[in-house]
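Chemist: So that we are looking at the same thing, I have put the structure below in structure tokens.
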Amino acid sequence: MDAADTHVTLQQRQDWNRDGWLVLEDPLPGHAGAKLSAWVSAVSQPGAPRDRRLHYFERTAEGRALCRTERFLDDHPQLGRLITTGLLPAVASELIGERAVIYKEKINYKQRGGAGFRPHQDARAYAFIRRHVTCLVAVDAMTIANGCLELAPHGIPTLLAEDGDGCIATEVAARLDWRPVEVPAGGVVFFGSHVPHRSGPNRSTTPRRALYLTYNAESEGARRSEYYDERDRLLAQRADAVGGAARISTIGHFEGRPADEETA
């Protein structure tokens, strides 16, 4: 990669190698930053018959609330271009060390009263790939009050002891150096998929929406469709086993109460 094409500074690379994450406070093109909120609002609506998006809901003190949307890449051309072209995959490619391709995409809405997520490492939920990086794009400002991401330094791509349900073992999580990462709307956080992270509930009066985009090394293949097929299979299998809405992810990190779309 030519120096002119480099988006990650030497200091940022050193921080990444040490901690496993880096923060870019205003990296999006002007048109994307201005329209991001509207684009996400559009994707949050029920899809048309041919749309592929998957909506997930939780039960809160204020009623049923949308908490996540997955697999929307083909439903919204502008978001699709933001995710697959330009700065975001370029930075992911630099961090991985080769061209990166999109592996999965989701939106976490964290509505008022929405639940947080237990300490975990994303790598436990990612079948088929070994080299990957996640990019968080803050649609709304992320603060401690609304349940911003908290990260623990872990620059080495290794898995920590887990609790049997895909989350970091309680005694291990208690020893980690957790750091809240507050970013403005339009800010971006890249973090390795082995970096421990968690987030608290939204105690503010407004939603806190964020895109989470995971990229993998192109040499490992374009595995997005395969990932979502396997994810659908595992979630359906668990839902059948418990007789209802099981969870919003293949690991048990969500601290809320999932609700079916049809359930009031």
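The values are calculated or read from the model by the stated rules, or taken from the named source; none is laboratory data. Here the structure is a predicted model, which is why all the values come from computation and not from measurement. Cβ placement follows ideal geometry from the backbone for every residue including glycine, while neighbour counts extend to all protein chains displayed.
Chemist: Of (1) closer than 27 Å to R257 by Cβ; (2) crowded, with 18+ Cβ neighbours inside 10 Å, L22 satisfies all except one. Which?
Modeler: (1)
Chemist: Collect the residues in the stretch 76-112 that are among the charged types (D, E, K, R) and either surrounded by fewer than 22 Cβ atoms within 10 Å (Cβ to Cβ) or over 14 Å from R131 (Cα atoms) (or both), keeping them in residue-number order. Show your work before the answer.
Modeler: Step one: filter the stretch 76-112 for residues among the charged types (D, E, K, R), giving 81, 94, 98-99, 104-106, 110, 112.
R81, E94, E98, R99, E105, K106, K110, R112 - these are the residues of the stretch 76-112 that are among the charged types (D, E, K, R) and either surrounded by fewer than 22 Cβ atoms within 10 Å (Cβ to Cβ) or over 14 Å from R131 (Cα atoms) (or both).
Chemist: Oh, and also: Please determine whether any residue of the stretch 36-51 is part of a loop (DSSP other than H, G, I, E, B), at pLDDT 90 or above, surrounded by 18 or more Cβ atoms within 10 Å (Cβ to Cβ) and touching a Leu at 6+ places or on another chain (Cβ under 9 Å).
Modeler: Taking every residue of the stretch 36-51 in turn, none turns out to be part of a loop (DSSP other than H, G, I, E, B), at pLDDT 90 or above, surrounded by 18 or more Cβ atoms within 10 Å (Cβ to Cβ) and touching a Leu at 6+ places or on another chain (Cβ under 9 Å).
Chemist: Condition first: of a type in the set (S, T, Y) and either in a loop (DSSP other than H, G, I, E, B) or modelled with pLDDT under 95 (or both). Now tell me which residues in the stretch 179-221 satisfy that.
Modeler: Let us first name the residues in the stretch 179-221 that are of a type in the set (S, T, Y), namely 193, 199, 204-206, 212, 214-215, 219.
Scanning the stretch 179-221 gives S193, S204, T205, T206.
Chemist: Quick check on the stretch 202-221. Is at least one of its residues acidic (D, E) and out of contact with any Asp or Glu (no Cβ under 7 Å at 6 or more places or on another chain)? Lay out the reasoning, then the answer.
Modeler: Residues of the stretch 202-221 that are acidic (D, E), as a first pass: 218, 220.
Subset that is out of contact with any Asp or Glu (no Cβ under 7 Å at 6 or more places or on another chain): 220.
Taking every residue of the stretch 202-221 in turn, at least one turns out to be acidic (D, E) and out of contact with any Asp or Glu (no Cβ under 7 Å at 6 or more places or on another chain).
Chemist: Let me ask something else about it. May I ask you to list the residues in the stretch 208-242 that are among the polar types (S, T, N, Q) and closer than 30 Å to N146 by Cβ?
Modeler: First, pick out the residues of the stretch 208-242 that are among the polar types (S, T, N, Q): 214, 216, 219, 225, 237.
Correct list: T214, N216.
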